[in-house]
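Trainee: Okay, here's the structure, questions in a sec.
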Amino acid sequence: MKPRETDHTLIGPFSQVVTMAGLPENGPIPDEALQVLENAGVMVLNGAITQVGDYNTLLQVAQDGGYKLQKIEQPMVLLPGLIDAHTHICFAGSRANDYAMRVAGKSYLEIARSGGGILDSVRKTREATAVELVDLLRKRCDRHLREGVTTCEVKSGYGLTVEDELKMLEAISLVNKHHALDLVPTCLAAHMRPPEFTDSQVYLQCILTELLPQVKELELANRVDIFIEDTAFNEEEALEYLLAAKELGFDITVHADQFSTDGSKVAAEVGAVSADHLEASGDEEITLLKEAGVIATVLPGASLGLGMHYAPARRMLDGGLCLAIATDWNPGSAPMGDLLLQAAILGAAEKLTTAETLAAITTRAARALNLSDRGRLAKGMVADMIAFPINNYKEILYFQGKLKPAIVWKHGEQV
Ligand code: NIG
Ligand code: FE
């Protein structure tokens, strides 16, 4: 049915609209490249943007056409909704004990030996009912949406049996259906070898033959992830697994180079969409990722949670990579889950331009999830938008995440 003219809504005026449109796909972004429209408005129809431009011009069109008006009464700066391209927010339990041990100086291995670590979250998540898991995830989505995140990737990976991984992915799918926040599910059954298996290859084979075909058939995810590290899966195991998953039609993403550097090599070799973490990456890894067209998603929340250095984001941009920033929100290494705050902190530490930091949590984060319909405010894009109560966009990062959006729109609707 053809939409009626009156279904249109004009939202504005905004002191500034930072569209994030027209930016380079890879490499450095000077602040001058940002498109900042003053006294601007956005026209929305059926959840998508039809026009962005000078408010007075749009107001004339809206009045002539009898469009609805959503009047913004105080100075506001509008940005695309934020995109968190890497999280593990479907989990039960807390790892506060791990955290206390870690800050007191215990190593990751000592913590795991005393019953903590990823396998602790696996135990708690397996014990949780589907309803409990849905409820926990929904609450975390509520918080993310309030803080301006309008699209969020969520991984499985605390189930590690066919049944429990499906339980997690089904919980993600259910929340996605009923929550305003858009969730992008990823199967991370290859997070760790579960205690029931003594051989990693046998476990990965089991996922490939028994889990992934069901994930495909039930349309529970079209992305597959693996944790490549001494304590998880090695280069050869990962390569074989990911090539087979790719063969099944999944997009690939990799937990790479968090502590050692084999992961980015594998990500480049299999043509992953993104390699995530990259704290340990150097120039060689950056070159490999660049040549293979792999997007670098860095996770400052994990550096903050583990008390370790950040990924070399500046060098990545200077090396020509597309840089996304995500929270890695998870119960163990990154419990905070505040995207804007973490991006601002990383930007300050790594000397990123305002444009580079904002792009990394909007348009470039969309690319990391292979989404071409969001992350920018332009004609045809999904009308996911956030407004901050300021009149100069530079105040957003200046307040280092403390300033939250006052209004959030999802598909053109205020939430
Ligand atoms: O991305 N590195 C592996 N996985 C997660 C941590 C998950 C956990 O500790 O529960 C991460 O940091
Ligand atoms: Fe992670």
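Trainee: Express in whole angstrom the spacing between the alpha-carbon centres of segment 165-223 and segment 303-330.
Mentor: Here the answer is 25 Å between Cα centres.
Trainee: When the distances between all Cα atoms of segment 252-362 are binned every 10 Å from zero, what whole-number percent does each bin get?
Mentor: Values per bin, smallest distances first: 17, 52, 30, 1.
Trainee: Now for a different question. Quick one: order 336, 43, 168 by neighbouring beta-carbon count within 10 Å, fewest to most.
Mentor: Details: 336 16, 43 23, 168 30.
Arranged by neighbour count, lowest to highest, 336, 43, 168 become 336, 43, 168.
Trainee: Separate question: Enumerate the amide H contacts of residue 379 below 5 Å, restricted to partners 5 or more residues apart or on another chain; note that Pro and chain-start residues carry no placed amide H.
Mentor: Here 52 satisfy the definition.
Trainee: I need the per residue convex hull volume for segment 97-206, using only the alpha carbons, in cubic angstrom as a whole number. Could the numbers behind the result be given before it?
Mentor: Details: hull volume 13.0 nm³, N = 110.
Normalising the Cα hull of segment 97-206 by residue number yields 119 Å³.
Trainee: What are the residues whose amide H is under 5 Å from the amide H of residue 157, where those residues sit 5 or more places off or on another chain and H is modelled from the backbone?
Mentor: So residue 157 has HN proximity to 188.
Trainee: Right, something else. Order by neighbour count: 203, 241, 108, 398, fewest other Cβ atoms within 10 Å first, most last.
Mentor: On the way: 203 22, 241 27, 108 18, 398 14.
By the 10 Å Cβ count, ascending: 398, 108, 203, 241.
Trainee: While we're here: Mind listing P(r) for segment 3-74? All alpha-carbon pairs, 5 Å bins, whole percents.
Mentor: It works out to 3, 16, 25, 20, 14, 11, 6, 4, 1, in whole percents.
Trainee: Further question: Quick one: of the DSSP bridges fully inside the chain, what percent are antiparallel, nearest 5? Present the calculation step by step, with values, prior to reporting the outcome.
Mentor: On the way: 23 of 55 bridges.
Approximately 40 percent, going by the DSSP bridge assignments.
Trainee: If we count other beta carbons within 10 Å of each Cβ, what is the order of 286, 325, fewest first? Please report the intermediate quantities before stating the final value.
Mentor: Working: 286 21, 325 35.
Taking fewest neighbouring Cβ atoms as first place, the list is 286, 325.
Trainee: Quick one: which of 51-62, 184-195 comes out on top by average Cβ neighbours within 10 Å, and what's the full order, highest first? Please report the intermediate quantities before stating the final value.
Mentor: On the way: 51-62: 17.2, 184-195: 23.3.
Highest-to-lowest ranking by the protection proxy: 184-195, 51-62.
Trainee: Let me ask another. Using the Karplus equation 6.51 cos²θ - 1.76 cosθ + 1.60 (θ = phi - 60°), what ³J(HN,Hα) coupling, rounded to whole Hz, does each residue of segment 374-386 give in order, writing x for Gly and Pro?
Mentor: Working through the residues one at a time gives 8, x, 9, 9, 7, 3, x, 7, 4, 7, 9, 9, 9 Hz.
Trainee: Considering the options 166, 213, 39, tell which one lies farthest towards the positive end of the dipole of the chain, charges being +1 on Lys and Arg and -1 on Asp and Glu at the Cβ, about the Cα centre.
Mentor: Toward the positive end, the furthest listed residue is 39.
Trainee: Please go through segment 70-116 and write out the trypsin sites (Lys or Arg not before Pro) that DSSP classes as loop and that have at most 16 other C-beta atoms within 10 Å.
Mentor: Working: sites: 71, 95, 102, 106, 113; in loops: 95, 106.
Qualifying residues, ordered by number: 106.
Trainee: Percent of Cα-Cα pairs per 10 Å bin, from 0 to the last occupied bin, for the chain, please list those.
Mentor: Each 10 Å bin holds this share of Cα pairs: 5, 23, 32, 24, 12, 4, 1, 0.
Trainee: What is the distance in Å between the Cα centres of segment 360-415 and segment 20-66?
Mentor: Centre-to-centre distance over Cα atoms comes out at 12 Å.
Trainee: Would you work out which of 414, 399, 83 lies farthest towards the positive end of the dipole of the chain? Charges go on Cβ: Lys and Arg +1, Asp and Glu -1.
Mentor: Of the options given, the answer is 414.
Trainee: Let me ask another. Would you calculate, for the chain, the mean residue ellipticity at 222 nm contributed by helices, counting each DSSP H stretch of 4 or more residues as -39,500 (n - 2.57) and dividing by all residues, to the nearest 500? Display every interim value, and only then the final one.
Mentor: Details: 17 runs with 157 residues, N = 415.
When only DSSP H runs of four or more count, the value is -11000 deg cm²/dmol.
Rule-based calculations on the coordinates, nothing more; no lab input. What you see is a predicted model; the values in this text were computed from it and never measured. Cβ sites come from the backbone with ideal geometry, for glycine too, and all protein chains shown count toward neighbours.
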